[in-house]
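Scroll down for the structure; my scribbles are underneath it.
Where a number appears in this text, it was derived from the coordinates with a stated rule and is not lab data. Owing to the predicted nature of the structure, the values given are computational and were not obtained by experimental measurement. Reconstructed Cβ throughout: ideal geometry from the backbone, glycine too, with neighbour counts over all protein chains shown.
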There are 2 protein chains.
Amino acid sequence: MTYRAPVQQISFILRNIVDFGQLAGTELFAEATEDTVDAILNEAGKVATDSYAPVNRGGDLQPARLENGTLRSSPGYADAFRSFADGGWVGLSADPEYGGMGLPLSLNGAVNEMIAGGCLALQLNSLLTQGQIEALEHHASDDLKALYLPRLTSGEWSGTMNLTEPGAGSDVGALTTRAEDKGDGTFSVTGQKIFITWGDSDFNSNVCHLVLARLPDGGPGTRGISLFLVPKLIPDAEGNPGVANSLRVVSLEHKLGIHGSPTCVMSFEGATGWLVGERHKGMAAMFTMMNNARLGVALQGVAVAEAALQQATAYATERNQMGPIIRHADVRRMLATARAEIYAARAICMACGVALDMAKATGSAEWAARGAFLTPIAKAHGTDVGCRVADAAVQVHGGMGYIEETGIAQYLRDVRITPIYEGTNGIQAMDLVGRKLSDGGAAAAAILDEVMDATKAAQAGMPELANPVWQASEGLREATAELIEAGADNRNAAAVPFLSAFARVLGAHFHLRAALAGGEDHKTLARIYITRILPRYLSDLVEARAGVADLDKLSDDALAGNMNG
Amino acid sequence: MTYRAPVQQISFILRNIVDFGQLAGTELFAEATEDTVDAILNEAGKVATDSYAPVNRGGDLQPARLENGTLRSSPGYADAFRSFADGGWVGLSADPEYGGMGLPLSLNGAVNEMIAGGCLALQLNSLLTQGQIEALEHHASDDLKALYLPRLTSGEWSGTMNLTEPGAGSDVGALTTRAEDKGDGTFSVTGQKIFITWGDSDFNSNVCHLVLARLPDGGPGTRGISLFLVPKLIPDAEGNPGVANSLRVVSLEHKLGIHGSPTCVMSFEGATGWLVGERHKGMAAMFTMMNNARLGVALQGVAVAEAALQQATAYATERNQMGPIIRHADVRRMLATARAEIYAARAICMACGVALDMAKATGSAEWAARGAFLTPIAKAHGTDVGCRVADAAVQVHGGMGYIEETGIAQYLRDVRITPIYEGTNGIQAMDLVGRKLSDGGAAAAAILDEVMDATKAAQAGMPELANPVWQASEGLREATAELIEAGADNRNAAAVPFLSAFARVLGAHFHLRAALAGGEDHKTLARIYITRILPRYLSDLVEARAGVADLDKLSDDALAGNMNG
């Protein structure tokens, strides 16, 4: 319960593992110098450690609630958020023209990781706002930008994403919320949305909803959907929050975790909205927001893993059972493999962020493809690691881990949402083996080339580490080629284990880089990863090759427990 | 939320996979005929489905609570328990001389699995009582047996196990509760105990505590500990609950799950107790209870996995996202691998139970060694599968899985205690590679011989399934031999992955038997297990061979996130 933002670890990865330094060589990110980055990490780290972490437990115990339809946030959240917003952190990557700092997404990811490590439930507020800022920057009219972006960037207002409906989860095209053109430049939006994170807030003076809805001439499916900006309070002529819009929070969900984050059922009842982007092209605009959010969620997994491992390590240092249990071989195995997993997952996320930044800074299609390829891996793997590490952290606590007072179970409950939202990890994996291999494997091949070049270069100095990584990347290359040739169902059945294998190889690659660049602990941690975690890629690839036939052959009755014969 | 006891599945495993039938050939279990067993499974299954399952959700929402020091159990628990006790199920395996049915432990395990699948929190009440019955049968005086056993066996009274103290978890020898001989055949017991499951009950007319405490002449460590029976109400001359003893429930823990099961802090304040077994030999007596409980906990893991998978399968059948999601390859992969895992874990548990039964019936040292060897595997693997499957079941539900109202998250929370209590899974694994291999590997070799003989016999008919199992058991045999030669720290570092590998090979072995004995679904499920799950033994064994050196070399600072260099 004494989370300390991992400034040093993040800084090392940015400098030595993912070539963050190249960003300062671009015109767009010329200001992202080492000194600036270190200053930002240190300052944001203080906010995470001193402001966010202290309110984390209280938010679990005293969840956000509705009082006569008005949201009351958890104790201390308002002040903690203010310390974050006042630092300008909401707008770290936002357009300087509207008050943002214009710094790299990868740096924003680093800051977000620390803030989420402090308090995941509260960090969601600004994460959603950042996604909305990006969507408006790309798709909104200049008038909307001028009105909304400065207030979102300052954290004065917050943003939400209204996508899911009771009958339409991952199948967004099935949505029924409708919009009508009022002929005065505004639209009337009517429908119900569920799972709306921070659908209301008592420390943001306005809450701006991005809502997917269908215009009367919108066709069926995802192609007929448009995107609307629907504020809680309609801005007046001066841009201040004015009259209440026709929308309300119907109820809050009672969830497994992130109790401090209000998950709202929203009702739009002829609410006034403004079109964002083109008619019927709302999905494309929404995807801008979702892509940003996917890397953000990936880092939430890493963040909670870090916080949980810190607590488990502290407990294992203090807890004596015939000596401190941190000296027990099996406890040490749990802690060390968790540390190695976090290290790898963080590096994958940061590499993804740097690729997205380089794409933005250079316009390079290769960088864009690399970022797009790494995004689903970062999301699924980062959140899986989040769950695995939080689970191990509970186990290290023994019986105390099961007692809510200890606080470690909260991490397990909180992080469990991350493999689900922003596209389940299964959907991430299908995106990877579908869209992201639809270039014939070019993006995958470029990454594997990089891995193999790096391992070859390391083979002279540390063959015992480099050789297994080289071998694994060879195996992965073959599996990738096979997958590209496979039919859709076999590919989808292979998706999750294939993504897992790819992540393990990438993790080993980054650990190898760390072993070359860092001291003894980096080398030892790399060995732990490469000898204990990397080898699991083998069984991942075996499962990826197993295909869909046996899954289809098993009867539905058997799945339910009634075996035929 | 519509759990149906898996009578058919359990019956198939008992008949065809674990040779339950041989028990009826022994004098002790001559009554355990196929007809009797099927009748018992059917009747107990009804209690699980019709009485226990309906109270499961309410217990989560309205936990047990203390009202002026008096325990109030969750709604409906009293009636559900009565339907179980009235069927005589508490005493299924208890001594007929004291009112028990004298039936096999493995059958009791099958009944317990179904009851736990219905409501884990309530099932704990009778599970602990059954453990106490066994401990008293083995170690109590005839007077104590005559007084207590009939009332425990009928479920009128309940039993608890008082082992853990605030400063002594897995290190039982550090306990400080003390006992003094009052010279009248009774003892005075004073101390505090924590984590006491069902430390009080409002539907058992007496609660009997088995308490570990140290007599004045008891030496330090575990050798100086004695065991006492300390009833909540001291029986009067007729054996009815009489005056209140000097003990009380101080508080209840607020836990991640099993909210309906009161986890008590108990205070014994000069409470009157009776010695069970010999002075200073309390640990041995307590271990009788713990061994019984370990298989019981293993089956709790299987039970919750079954319940969670049933709910996930029902959800996937109904939920449409471009067709029912049960037809989506990745969802089907999750459901099918979960089904295969449950099948294997259940077979391992039942095989363990049959071995313990055969040991009891025949006095054979080989059967006893087999049962002892399988117990930690069953416990750790069964509960790991419980957690994995409950986790997958949440994931299948997507966003709905995170909403408590759906009910699936309760399974995840409930089952998370099972890898912790009755000896953490790490401790189970160390027991396996330590005590259970201290025979030079004889018990392990006997089991591996059986696996290899069975695979050889199957090679002609289904080589594609038999060959990988044969190969894996070869690899496991080598790894076992190496482990026996290893030092204690290397062995302990290897313990968890070694246990996992052994479980996977055993699971594949039992699936192979099922494929030979059963119809198409059994064969398909065996293929799914052998191609998708068995291969993970390889990376398990790689990790088992990695040794402790790198774990020790990594600095404690690095574990905490502060890398040197």
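What to note about this one:
- Computed over the protein assembly as shown, the convex hull of the alpha-carbon atoms projects to a mean area of 41.7 nm².
- FRET efficiency for the pair B:D79 and B:E43, taken as 1/(1 + (r/R0)^6) with r the Cβ-Cβ distance and R0 = 25 Å, rounds to 0.90.
- With the gyration tensor restricted to C-alpha atoms of chain A, the semi-axes of the equivalent ellipsoid amount to 37, 28, 25 Å, longest first.
- Remark: the range B:278-286, residue by residue, has Karplus-estimated 3J(HN,Hα) of 7, 4, 6, 10, x, 4, 4, 5, 5 Hz, where x stands for each Gly or Pro and the curve is 6.51 cos²θ - 1.76 cosθ + 1.60 at θ = phi - 60°.
- When the convex hull of its Cα atoms is projected in every direction, mean area for the range A:115-187 (nm²): 6.8
- Counting neighbouring beta carbons within 10 Å and listing from fewest to most, the residues B:E464, B:E306 come out as B:E464, B:E306.
- Each peptide in B:441-451, A:294-304 receives the mean, over its residues, of other Cβ atoms within 10 Å, and ordering these scores from highest gives A:294-304, B:441-451.
- Shielding of peptide A:314-326 by partners, expressed as the average count of other chain Cβ atoms within 10 Å per residue Cβ, is 3.
- Among B:D439, A:D391, B:D540, the order by Cβ neighbours within 10 angstrom, fewest to most, reads B:D439, A:D391, B:D540.
- Residue separation of B:D181 and B:Q22 scaled by 0.36 nm, minus their Cα-Cα distance, works out to 52.5 nm of gained length.
- Its residue count N fixes a reference of 2.2 N^0.38 Å for the range B:355-423, and the Cα radius of gyration divided by that reference is 1.57.
- Here the ratio of the Cα radius of gyration of the range B:362-506 to 2.2 N^0.38 Å is 1.24.
- Separation of alpha-carbon centers, the range B:154-178 and the range A:129-143, rounded to whole Å: 60
- Footprinting exposure proxy ranking of A:E113, B:E405, B:E543, fewest other C-beta atoms within 10 angstrom first, gives B:E405, B:E543, A:E113.
- Cα pair distances in the range B:275-337, grouped into 10 Å bins until the bin that holds the longest one, percent each: 19, 27, 17, 14, 12, 9, 2
- Rounded Å value of the spacing that divides the Cα centres of the range B:233-288 and the range A:83-122: 55
- Exam field: B:E67 pseudo-label spacings to other copies (7 Å along Cα-Cβ), nanometres: 3.1
- Its relative contact order, with pairs defined as Cα atoms under 8 Å and 6+ residues apart, puts chain A at 13 percent.
- Over the range B:295-377 - Rg/Rh using Cα atoms and the Kirkwood inverse-distance radius: 1.22
- Placing a label point 7 Å from Cα along the Cα-to-Cβ direction at A:V250 gives distances to the equivalent points in the other copies of 4.8 nm, listed shortest first.
- Zone of B:I484's modelled label, taken as backbone nitrogen in the range B:377-397 under 19 Å from a point 7 Å along Cα→Cβ: B:377
- Over the range B:425-550, the ratio between the Cα radius of gyration and 2.2 N^0.38 Å evaluates to 1.08.
- MRE, 222 nm, helices only [DSSP H, n ≥ 4, -39500 (n - 2.57), over chain A, to nearest 500]: -17500 deg cm²/dmol
- Test item: B:123-132 mean partner chain Cβ contacts at 10 Å: 0
- Computed P(r) (all Cα pairs; the range A:1-155; 5 Å bins; percent): 2, 9, 18, 19, 18, 16, 10, 5, 2, 1, 0
- Here the range B:476-526 and the range B:25-46 have alpha carbon centers that stand 30 Å from each other.
- Bridge type composition, the range B:202-292 - antiparallel percent by DSSP, nearest 5: 95
- The three principal axes of the C-alpha atoms in the range B:145-227 carry coordinate ranges of 38, 31, 17 Å, sorted with the longest axis first.
- Averaged over the residues of A:419-431, the number of partner chain Cβ atoms lying within 10 Å of the residue Cβ comes to 3.
- For A:L103, the residues 5 or more places off, or on other chains, whose built amide H falls under 5 Å of its own are A:S93, A:A94.
- Listed values for the range B:467-474 are Karplus-derived 3J(HN,Hα) couplings in whole Hz (6.51 cos²θ - 1.76 cosθ + 1.60, θ = phi - 60°), namely 4, x, 5, 4, 4, 5, 6, 4, and x replaces Gly and Pro.
- Gyration tensor verdict on the range A:259-417 (Cα atoms; rounded if a/c is under 1.5, prolate if a/b is larger than b/c, oblate otherwise): oblate
- Within the straight-line cut-off of under 30 Å between alpha carbons, the lysines reachable from A:K46 are A:K255, A:K360, A:K379, A:K523, sequence neighbours fewer than 8 places apart in one chain being disregarded.
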